[in-house]
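The structure appears right after this line, and notes come after that.
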Amino acid sequence: MNRFAELLDRLAYEPGRNAKLRLIADYLRRTPDPERGWALAALTGALTFKHAKAGMIRGLIAERTDPALFSLSYDYVGDLSETVALMWPLDPNQKSGSAPTLTEVVQTLSTLGKAQLPAKIARWLDGLDETGRWALLKLVTGGLRIGVSARLAKTAVASLGNQPPDEIEILWPGLQAPYLDLFAWLEGRAERPSTRDPAPFRPPMLAHAAEKSDLARLDAADYLAEWKWDGIRVQAVAGRDQHGELVARLYSRTGEEISKSFPDLLALLRLPCAIDGELLIMREARVQSFNVLQQRLNRKSVTSKLLAEFPAHLRAYDLLAEEDEDLRDRPFATRRERLQALITRLSDPRIDISPLISFKNWSDLTAARADPASAGAGVDADAVEGIMVKRRDAPYVPGRPRGPWWKWKRDPMIIDAVLMYAQRGHGKRSSYYSDYTFGVWSKRDSGEELVPVGKAYFGFTDEELVQIDRFVRRNTVDRFGPVREVVHEPKSGLVLEVAFEGLQRSTRHKSGIAMRFPRINRLRWDKPPAEADRLETLESLLTQREHATMPTVGGGNV
Amino acid sequence: MRPEDILVPTPSGVCCKPGGFHIDPTRPVEKALITHGHSDHARAGHGAVLATQETLDIMRLRYGDNFAGSIQAVRYGEIVKLGGATASFHPAGHVLGSAQIRVECNGLRVVASGDYKNVADPTCTQFELVPCDVFITEATFGLPVFRHHDAAGEIGKLLRSVELFLERAHLVGAYSLGKAQRVIAMLRAAGHDQPIYIHGAMETITRYYQSRTIDLGRVELVRGANKAELCGRIVICPPSAISDLWSRRFPDPVVAFASGWMRVRARARQRGVTLPLVISDHADWDGLTATITATGASEVWVTHGQEDALLHWCRAKSLKARPLDIVGYGDEEDAAAQAEAEA
């Protein structure tokens, strides 16, 4: 457990993806079975024991420490698990080497009754060091947030056998912790585990971003085009198990199973198939904005009220398999015909096919991209993120092959904002001020002032980063820890052109507005801050969107 | 006689009226007894300074030859008569030459501990327990969450990281006096035999440690090294240099920081550290409370840090306890940064 704790500790501080991969792979290589398998399960979120409540942890520490000292400490540290891990008194009777293994912890937690839990956790805490206690408490309370996705952990495990990560994704649904067969195969000690999963994930095909010049070189007649919808890309799969029962699953683009969150979509998969599509929220036959979908994603428990208020919908792009037939090597045009036929047979209002955009040449498509509403998207135009251009004869190839698929996004929204605060980055960027808070003008009681509307830490080139960093260091007016306030007056300051994908209302921001996917588009050294945009500009953009896509939101419209 | 008749806390430090001296004064005084060389305790400009030879040497290296009107070196355990009081210096285990100062007057014993730690450190004399009636303690880490555990384990963590990320430099922030040399010595004790690189600001002190026969192995200056040479190396620098333009010369550095503050995650994250190393030259909570108990003191004065929790603990143990509000003690680094800002 102490080794696993050290890994979690390193991962929690390490910002770099490659460094995280190395740390995980190194741990998996050095740690024996079954310990490493349980660690992999913990990192991929595959552990399913019932979590301990914070109240129980508080109870344990209250029995062992002075309440005044606990309260001073908790106040200073600000995190319950961490405070308890650090304050936990040493048991003088404890022999060294009595730290529990992760295997023991996981296996005990899945069988132990609620009544015995506190005593057990206390015994484990007695045997661990500070980091070990922290990791144990995070694990048992279900608060293991260390910035590692299941995909990243699977990529790390794949590297043990020099396999592509998608190989692990394909096997994953058929595997079980502690994954002895997986490690044996990766280390060349056994055959590849056979997958008899009736509803496996298939690595998705992805598109390259296109500029108009990319398309100009292509013959429009070879391609089909459809809308790129602003939801979440999913794979909906159903198949029969050995008893002939239909098993249905929903996967995210990275292969994580999200079935539990969308029981309403699973219900429509009544025939064996594998559909690639977009998950959307549909109300009164209109696609809702991403903001609405996000509201459903943010809810933890899936209640019938939630299902009714945020009805999920699958807009299908592609058909990868039907019954036992793998369709991925067929041409796209053929797969689409099969998809259309399947959807007709399913005959369910919760699924439809993403319509094609009719065009004869690239200028037709340019016009459609500029005005999706008049080009067939109609009332759903605001949920269009761009256009997908796909070769008619292209097979479905996992990964991001260059050529067969292009995504041509709509132009982002753009505003000019003023740099207000800069914060130092992490890792490679720890000597650079690379996280920027920017604001726009607004009339307040005290007069014209800048209100922060967002934060961005990418979009600029390395050279621009050096320039902004220099500007920040030379124009600092105040410091708060790693944050510097930089000059932001009407006549002096730095104007940033910020691009973003959307806006939503937010109670967490002083401005009342939050941006989606903001990034620095350009540095406007030429522009005086006084000429930057105003909050009213953002508000009017937001109001337009609300009126366009959510006419009925807000009135208990179930 | 009351303790307050021997030592009076003043805003500029503790003053011994019968002996006519101050301990670690923060403003220039006639006669100063200095516990150790960190700049928040040892300042230039006093009339006479009494300290260990090492502390005097360190002050000279930092402030130049004329840092005081006159100086007197005092050995550990030597008793010095000053006016109506006697004073002696005893190892504090904090940094090279650091001392606790014991003052006795009419049979009443007061120990001003300065900064101290009661764990092993290969670069300085081990902390000595000095029985007393009144114990003046620091409280830098005076909260029960500060448990420094095993410094050797932290060195192991650093070495495992060096082994894993061989193509990167490991940049270790450490205070220039004491921590830097302790980290180097511990790396040597753990078997690391590669050259270790240091920032120019710690060169003088490090060479001084080496001259006092503390074996630090091969220590090179970053200044003379090229980028390729620094791959896979451990580089020790003042904490402020991590976020400085200076750090850009390193190949994709892993940023570490050796400090007791690294025990608390929020502090480590705020610093932008990716490899926090809990290595402290101050006593942790267990060290503070164990030392207070062992001195047998019935009264405890708390100078600087997180006083509240320690005062509460003392009172719960029926010890008389009071905070001393002395302005100007704190982190060695804060004092250095302040000096930098003033310069």
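The values are calculated or read from the model by the stated rules, or taken from the named source; none is laboratory data. On a predicted model such as this, the values are computed, not experimentally measured, just so you know. All Cβ positions, even for glycine, are placed from backbone atoms using ideal geometry, and neighbour counts span all protein chains on display. To get the accessible areas, we keep the full protein, side chains included, count just its heavy atoms, and leave off ligands, DNA and RNA. Shrake-Rupley method; radii C 1.70, N 1.55, O 1.52, S 1.80 Å.
Note on the stretch A:354-437: enclosed strands (runs of 3 or more DSSP E) holding 3 or more residues that are modelled with pLDDT of 90 or more and farther than 26 Å from A:PHE332 by Cα are A:413-424. Residue check: is B:ALA309 touching a residue at least 60 places away in the same chain (Cβ under 8 Å), part of a helix (DSSP H, G or I) and facing chain A (nearest Cβ under 10 Å)? Judged against the criteria, B:ALA309 is a match.
Take the conditions (1) modelled with pLDDT of 95 or more; (2) more than 13 Å from every other protein chain (Cβ to nearest Cβ); (3) assigned to a helix (DSSP H, G or I); A:ARG22 misses just one of them, which is (2).
The rows are residues; the columns are (1) closer than 21 Å to B:ALA152 by Cβ; (2) in contact (Cβ under 8 Å) with a residue 40 or more places away in the chain; (3) among the basic types (Lys, Arg).
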position	(1), (2), (3)
B:VAL74	no, no, no
B:LYS81	no, no, yes
B:SER88	no, no, no
B:ALA99	no, yes, no
B:GLU104	no, no, no
B:ALA120	yes, no, no
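Matching residues to (1) farther than 23 Å from A:ARG3 by Cβ; (2) surrounded by 14 or more Cβ atoms within 10 Å (Cβ to Cβ):
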| position | (1), (2) |
| --- | --- |
| A:TRP38 | no, yes |
| A:THR44 | no, yes |
| A:PHE49 | no, yes |
| A:ALA62 | yes, no |
| A:LEU69 | yes, yes |
| A:GLY78 | yes, no |
| A:ASP91 | no, yes |
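Filtering the stretch A:100-158 to residues that are out of contact with any Gly (no Cβ under 9 Å at 6 or more places or on another chain), of a type in the set (Val, Ile, Thr) and either part of a helix (DSSP H, G or I) or away from chain B (no Cβ under 14 Å) (or both) leaves A:THR101, A:VAL105, A:VAL106, A:THR108, A:THR111, A:ILE121, A:THR131, A:VAL140, A:THR141, A:VAL148, A:THR155, A:VAL157.
If you go through the stretch A:449-469 and keep only what is surrounded by fewer than 13 Cβ atoms within 10 Å (Cβ to Cβ) and either assigned to a helix (DSSP H, G or I) or within 14 Å of another protein chain (Cβ to nearest Cβ) (or both), you end up with A:ASP462, A:GLU463. Scanning the stretch B:124-181 for residues that are out of contact with any His (no Cβ under 9 Å at 6 or more places or on another chain), at the interface with another protein chain (Cβ under 10 Å from one of its Cβ atoms), over 29 Å from B:LEU7 (Cα atoms) and hydrophobic (A, V, I, L, M, F, W, C) turns up B:VAL145, B:LEU164, B:PHE165, B:LEU171. Looking only at residues in the stretch B:251-275 that are over 18 Å from B:LYS179 (Cα atoms) and open to solvent by less than 10 Å² (accessible area, probe 1.4 Å), the one that is farthest from the other protein chains (Cβ to nearest Cβ) is B:VAL254. Would you check if B:MET186 is under 30 Å from A:ALA85 (Cα atoms), away from chain A (no Cβ under 14 Å) and not in a loop (DSSP other than H, G, I, E, B)? For B:MET186, the condition - under 30 Å from A:ALA85 (Cα atoms), away from chain A (no Cβ under 14 Å) and not in a loop (DSSP other than H, G, I, E, B) - is met. Scanning the stretch A:270-298 for residues that are in contact (Cβ under 8 Å) with a residue 40 or more places away in the chain and assigned to a loop (DSSP other than H, G, I, E, B) yields a total of 6. The residues on offer are A:VAL389, A:VAL418, A:VAL379, and the sole one that is β-branched (Val, Ile, Thr) and open to solvent by 10 Å² or more (accessible area, probe 1.4 Å) is A:VAL379. Scanning the stretch A:364-389 for residues that are under 27 Å from the mean Cα position of the chain (by Cα) and farther than 23 Å from A:GLN504 by Cβ yields A:ARG369, A:ILE387, A:MET388, A:VAL389.
Whenever a residue of the stretch A:144-164 is at positive phi, its partners that are in a helix (DSSP H, G or I), lying with C-beta atoms within less than 8 angstrom and at least six residues away or across chains, give the pairs A:GLY147/A:LEU11; A:GLY147/A:ALA12; A:GLY147/A:LYS20.
A Cβ distance below 7 Å, combined with a sequence gap of six or more or placement on separate chains, defines the contacts here; from the stretch A:1-13, residues that are within 11 Å of chain B (Cβ to nearest Cβ) and under 10 Å from A:LEU102 (Cβ atoms) reach residues that are small (Gly, Ala, Ser) and not in a helix (DSSP H, G or I) in the pairs A:ASN2/A:ALA99. Condition test on B:VAL8, is it in a strand (DSSP E or B) and under 19 Å from B:PHE135 (Cβ atoms)? Yes; evaluated as a whole, the condition is true for this residue.
On the given criteria, is B:ASP244 facing chain A (nearest Cβ under 8 Å), open to solvent by 10 Å² or more (accessible area, probe 1.4 Å) and at positive phi? No, not satisfied. Kindly check whether there is at least one residue in the stretch B:31-46 that is in contact with a Leu (Cβ under 7 Å, 6 or more places away or on another chain), open to solvent by 40 Å² or more (accessible area, probe 1.4 Å) and not in a loop (DSSP other than H, G, I, E, B). No: the stretch B:31-46 contains no residue that is in contact with a Leu (Cβ under 7 Å, 6 or more places away or on another chain), open to solvent by 40 Å² or more (accessible area, probe 1.4 Å) and not in a loop (DSSP other than H, G, I, E, B). Evaluating B:PRO195 against the criteria (1) surrounded by 15 or more Cβ atoms within 10 Å (Cβ to Cβ); (2) in contact (Cβ under 8 Å) with a residue 24 or more places away in the chain leaves one unmet condition, (1). Scanning the stretch A:1-17 for residues that are surrounded by fewer than 20 Cβ atoms within 10 Å (Cβ to Cβ) and part of a loop (DSSP other than H, G, I, E, B) gives A:PRO15, A:GLY16. The residues of the stretch A:258-281 that are open to solvent by 30 Å² or more (accessible area, probe 1.4 Å) and not charged (D, E, K, R), listed by number, are A:ILE258, A:SER261, A:PRO263, A:LEU266, A:ALA267, A:LEU271. For the criterion of being in contact (Cβ under 8 Å) with a residue 12 or more places away in the chain, open to solvent by less than 10 Å² (accessible area, probe 1.4 Å) and aromatic (Phe, Trp, Tyr), B:TYR116 passes. Considering only the stretch A:443-451, I want to know if a residue exists there that is under 12 Å from A:TYR421 (Cα atoms) and modelled with pLDDT of 90 or more. Checking the stretch A:443-451: at least one residue is under 12 Å from A:TYR421 (Cα atoms) and modelled with pLDDT of 90 or more. Give me the residue from the stretch B:1-13 that is touching a Pro at 6+ places or on another chain (Cβ under 8 Å) and open to solvent by 10 Å² or more (accessible area, probe 1.4 Å) and, out of that set, nearest to B:HIS94 (Cα to Cα). My answer is B:SER12.
The residue of the stretch A:52-79 that is farthest from the other protein chains (Cβ to nearest Cβ), among those that are touching a residue at least 40 places away in the same chain (Cβ under 8 Å) and in a helix (DSSP H, G or I), is A:MET56. Among the residues of the stretch B:47-59, those that are open to solvent by less than 10 Å² (accessible area, probe 1.4 Å) and among the aliphatic types (A, V, I, L, M) comprise B:VAL49, B:LEU50, B:ALA51, B:LEU56, B:ILE58, B:MET59.
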